[in-house]
1. Using a basic spin-label model with each label point 7 Å from the Cα along Cα→Cβ, how many nm lie between Glu59 and Asp23?
2. When you count, for each residue, the other Cβ atoms within 10 Å and take the mean per peptide, how do 20-29, 39-48 rank with the highest first?
Amino acid sequence: MYVFTALKLYKNRYSKYPARIEDLAPEIIPEVPQDPFTDKFLIYRIVKDHDFILYGAGEDRVDNGGVD
């Protein structure tokens, strides 16, 4: 849950969300957590410059666009 907060803090500081989730570290958070199923960064996408989606692939390791 703290990644959501880190993204909001980044936006408050820079008036935009980061282009990449990796841009949060180390200034906002020490390191970006990884999806435990894929060992890659969580999937992050900016939506219309004012919002974002953030999710992990899950047990099936498939990027389903954040939809169950």
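What follows is calculated from the coordinates using simple rules that are stated; it is not laboratory data. From a predicted model like this one, the values you see are computed outputs, not experimental measurements. Quick reminder, even Gly has a Cβ in these numbers, built from the backbone with ideal geometry, and neighbours come from all protein chains shown.
1. Between Glu59 and Asp23, the simple spin-label model gives 3.5 nm.
2. Order by mean packing, descending: 20-29, 39-48.
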